[in-house]
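The values are calculated or read from the model by the stated rules, or taken from the named source; none is laboratory data. Every value quoted in this text rests on a predicted model; they were computed, and no experiment measured them. Here Cβ is always computed from backbone atoms with ideal geometry, including for glycine, and neighbour counts include all displayed protein chains.
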Amino acid sequence: MLYNGFQLKLSTYKHHRVEAGTPKVVFKERVILVQASNFDDAIAQAGEEAREYCGRSGETVYLEFVNVYHLFDASVGHRTEIYSLMRESALSDEEYLDTFYDTGQERSQKK
């Protein structure tokens, strides 16, 4: 798939749900692709798409945060890096993963 633009990570949603009679708040991160001429355009498109996404559900709130990542490859396919986040931390490897990725509250399959 040829692509020239930006990839967006929208770590910006909060879902209000009731599960087994108990109110729950679940935060959701979404990754979408948009074709944009620059970062400002990508951010504007992301906000518009996020509001449309939330408009489909009364239980989802857009938290007004968008993280934009520029795609460097000319096409998107097998093994294409579509998102990367680098952060400095003094945490040990295990502490870092536990703090940011493996809190025990994720709804995803892990290694």
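Tabulated data for the structure shown
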{"item": "The stretch 11-24, subset out of contact with any Lys or Arg (no Cβ under 6 Å at 6 or more places or on another chain) and either exposed (fewer than 13 other Cβ atoms within 10 Å of the Cβ) or of a type in the set (Lys, Arg) (or both), residue nearest to Asp73 (Cα to Cα)", "result": "Lys14"}
{"item": "For Gln45: the one exception among (1) exposed (fewer than 13 other Cβ atoms within 10 Å of the Cβ); (2) free of Cβ contacts under 8 Å to residues at least 40 places away in the same chain", "result": "(1)"}
{"item": "Members of the stretch 37-76 found to be more than 30 Å from Val18 (Cα to Cα), of a type in the set (Gly, Ala, Ser) and at pLDDT 85 or above, listed by number", "result": "Ala42, Ala44"}
{"item": "Residue that is surrounded by the most Cβ atoms within 10 Å (Cβ to Cβ), among those in the stretch 62-103 that are closer than 24 Å to Lys24 by Cβ and in contact with a Phe, Trp or Tyr (Cβ under 7 Å, 6 or more places away or on another chain)", "result": "Tyr62"}
{"item": "Selection within the stretch 34-63 - within 12 Å of Thr12 (Cα to Cα), touching a helix residue (DSSP H, G or I) at 6+ places or on another chain (Cβ under 6 Å) and of a type outside the set (S, T, N, Q)", "result": "Tyr62"}
{"item": "Output for the stretch 24-69, where each listed residue is over 19 Å from Leu85 (Cα atoms) and in contact with a His (Cβ under 7 Å, 6 or more places away or on another chain)", "result": "Val25, Val26, Glu59, Thr60"}
